Amino acid sequence: MSALLHLQKECPSAKIAVVDPIQKPTKHQNVDIFSDKAARLDPVQHLVYLDANTALFYKHAVLLATGARGAPPPTYLVDERAKERLLEVRPTSWTTGIASQSVNDIRKTITERARQGESIGILGSGWEALDLAVLASLSSRKPSRTHIFYGSSIPLGRAVPSYLGSLITKRLKSKGIYIHDQTMIRYLSCPHHEEDSQNDGVPFDIYTANSNDFMDTKKTTLHWLVVAPEVSGPSGCASLATNEVPPHLVDSSEGRPWYQTWANLSRMTSSDPSWIVCFKDDGRILVNSELSACTGVFAAGSVAKCANSLSGNADVAGRGVVDAMDAGRIVAWNMARTMDGAGLFKSERRATLTREPIGVWRSDVRALQYNSGSLTLDMTSLSKIGISALCVGDCDAERYGTHAIWWTNRAAQKRLLRLVEQEDATEGEDQSLKRKRTQKVGTSQTLPIYGFGVVYYLDRVGKIQGIMTWGLPFCNKKNGSLNQSLVGFLKSIILTNGGITSLDTERDHIRMSDYLSTASKRVVATALKESQESLNDHYQLGGSELELFPRPLHRFTEARPPSARSFSVLKRRDGLSHGILGQDLFDSFTEPLVDDPIPVPDPSQNVGFAAREAQSMYEWDVYQQKERRWDENESRARPPKEEQLWIRKGDELRNMTARDSLYSAYGSAMGR
C-alpha cells in the first residue's frame, strides 16, 4: 500500500489495478481493486492472468508484492471439522478448507471470542504471535483462557538473547497466558458429533508432544487456533499455492495445492526466456538495488531478495513496516520513470533511487492501512506488557554474539532522567517538555521488561551487524514518526564499528567494551531528549557528562554453536548439493509431464493370484512415487529454517538414536 500511495503522488493520472484476494473489490480515484489472486505472469505480452480465461493488461510496469509465509499446516493432521476454527495470519493455500481471513478480521475474531469466554490458542513464537497472545489475554474476561504453543525453549529466540527471552516468558505468565514451550502439534481432533460441529461454541482437542520427547504428550481443549509462525529472514517462504496440478498427479491431489515460485509462473515452456529468477531455498525473487527483477517487473517486500554489499549476504527487500514503506517509495519512483513518454535514456529523471543496506524495524507498529489516499499505522499490543524495541541492521541472536548494556533498576532510570533534565535546563528547554518526559518514563504503568538498554549483535570477527534498543522511546507520540537522529546515530555505529577492525587481542576486547558502553550512553541521551533544539547535541556530550551516568550492567552471550543453529534447517531431498560451489542456488523450471496409463498385465506370464499380486504391487509402486512427488512439492513451500510447530511425516525419526535407526533398518531388511 505504500507503493500505491507514492505512485499516486508521482503519477496522478495513472490507472492502477491491485489484485488482492483478501481485500474487497472497489474502484476509487483510478484505482481498481480485484478480489482475486494472480495465476500467471506474462512479461512479454504484459499480461497478468487471474485464471485461464481472464487477464489484466499493464502498459508500463507491474509490482509483485505477494509477501512470504510460513510452512503450510499439514492437512492430514487436522480434522475436517476443526478446519473452520483454524486461522492463518498469512494464508498458505485456498483449497485445503482452512479459513482465509485478513489480519484485521482475525484480530476482531480473537477479541470478540475472547470476550465471550472462549479459549484461544496461538501457534508461534515470533513478534506477531506474541502480539496476538497479548491481545487475546487482555480481551478475555476469564484467566488462563489464552494458550501459546511453540517448539523452542523461549519466545523471540532469533531476535533477543536467551536471558531476555526467559524474562519475556515470565511476563507473559503474569498476564494470564498459558505457555506451552518446547511443544509441537501432533494432530487436531474434533471428537463431537458432526451435527454439533455447526455450533461455533463447540471446542476441539489439540494433541501436543514435547519437542525433545515425542512420547511425552498432552491434550488441550481450544475453541480457536491461530497459526502465526515466524516469517522473517530464513523462516519465510515466498512460494505460492496454485491449482495447476500436473496431469499425472491430478487423481492423487485430494484437494492439495501445487506450490510454485514466480520463476515458474512467469514461463510457459522451457524454451521461454528466464525473466524472473527465484532462490530455490525460499522461493524469493532476485532483484537489484532498484528492486527490479527484469524489464518492467518489480518486486518489493518479503517476496524479494537483493544483494547487500555491506554484509555480503542477500537480504529481504522489506522486513517490517518501516522497510516496507521505504521499499514502496523506491518501487513507486522507479515505476514512475517507465511512464515518461521519451523513454528512460532521454528522460530528465535519470537519477535512480536504491535501497539502503541497513534496515530498520520497530515493535510498536504491525501494519499499514490505506484509507482514501492516506496511510495509517496500526499499533501492536506489545507495549502493554513492557516490550518496546527498535532494531537497526541484522539483529539475529542465533548467528551473532550479543553485547548488551543494561540499566535494570528504577533508581538508575530516574537518575538518568534527572541528568538529561539538567542538561536541557542549561539549554533553555521548556518546562512542559520536562514534565511530559518525566511522566512518560518515570510514572509509566507498564515497566519495560528487564529495564532499558542497548543490545549489539557482533559476528565472529567483531563487526557490529545490528543494534536493538530496548525499553527506550524511539518515536514521536503525536504522529508516530521515528526519531531520525537516533536512527542515524545507530547506523553510524554500525558503519564505523568504533574504529575497531578486529578482536584479535585482549586489548581489542577492552576497547570494544569501552566503546559500546560510551555509545550506549549517547544512545540513551538521544532517545530521552525530545526537544528539537537538543537532538543534535549528543555528539557534543563531554566526558564529564558521561561519567555522571549510572554504571550499567554489561552482559555478553556467545553465538549459538553450529549444531544448535542447524537444528531446524530443512534438508530437502532434491537439493543435496545446495550452496556447494555455487550449484543449485536458484529454482529451475519444471515442465509438467503427461501420465502414462498403467499397463495391463500379460495373462500368459501370470495366472490367477499371481497376476493380481503383480498388478497390486505395480499400483502400489506408482502410488508411492506420486506421494513422493507431493512431499517434494510440499517441501518447496516450507522455509529453509522453519519454526518447529508441527510433527510432520518422518519427523518422528529425529529423536531416534543412530543405534535404534541401525536396528530398525536391520529388522526391515530381515523381514521382521
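The values are calculated or read from the model by the stated rules, or taken from the named source; none is laboratory data. Bear in mind the structure is a predicted one, so any value in this text is a computation, not a measurement. Glycine also receives a Cβ, built like all others from the backbone with ideal geometry; neighbour counts cover every protein chain displayed.
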- Item | Condition met for residue 144 (farther than 27 Å from residue 287 by Cβ, touching an Asp or Glu at 6+ places or on another chain (Cβ under 8 Å) and surrounded by fewer than 23 Cβ atoms within 10 Å (Cβ to Cβ)) | no
- Message: Looking at the stretch 267-298 only, could you name the residues that are touching a residue at least 60 places away in the same chain (Cβ under 8 Å), more than 18 Å from residue 46 (Cα to Cα) and surrounded by 24 or more Cβ atoms within 10 Å (Cβ to Cβ)?
- Response: 278, 282, 283, 284, 285, 291
- Message: I want to confirm something. Restricting to the stretch 128-179 and keeping residues that are in contact with a Ser or Thr (Cβ under 7 Å, 6 or more places away or on another chain) and charged (D, E, K, R), which single residue is modelled with the highest pLDDT?
- Response: 131
- Would you call residue 82 in the same structural domain as residue 333 (by TED's automatic domain parsing), in contact (Cβ under 8 Å) with a residue 40 or more places away in the chain, of a type in the set (A, V, I, L, M) and buried (at least 16 other Cβ atoms within 10 Å of the Cβ)? no
- Message: in contact with a Lys or Arg (Cβ under 7 Å, 6 or more places away or on another chain) and modelled with pLDDT of 85 or more: is that true of residue 449 in this structure?
- Response: yes
- Do we find a residue being surrounded by fewer than 20 Cβ atoms within 10 Å (Cβ to Cβ) and basic (Lys, Arg) anywhere in the stretch 62-73? no
- Item | Selection within the stretch 377-397 - in contact with an Asp or Glu (Cβ under 8 Å, 6 or more places away or on another chain), part of a helix (DSSP H, G or I) and not polar (S, T, N, Q) | 382
- Item | Subset of the stretch 168-188 [outside any helix (DSSP H, G or I), aliphatic (A, V, I, L, M) and either out of contact with any Pro (no Cβ under 9 Å at 6 or more places or on another chain) or touching a residue at least 60 places away in the same chain (Cβ under 8 Å) (or both)] | 177, 184, 185, 188
- Can you find a residue in the stretch 141-162 that is assigned to a helix (DSSP H, G or I), in contact with a Lys or Arg (Cβ under 8 Å, 6 or more places away or on another chain) and not basic (Lys, Arg)? no
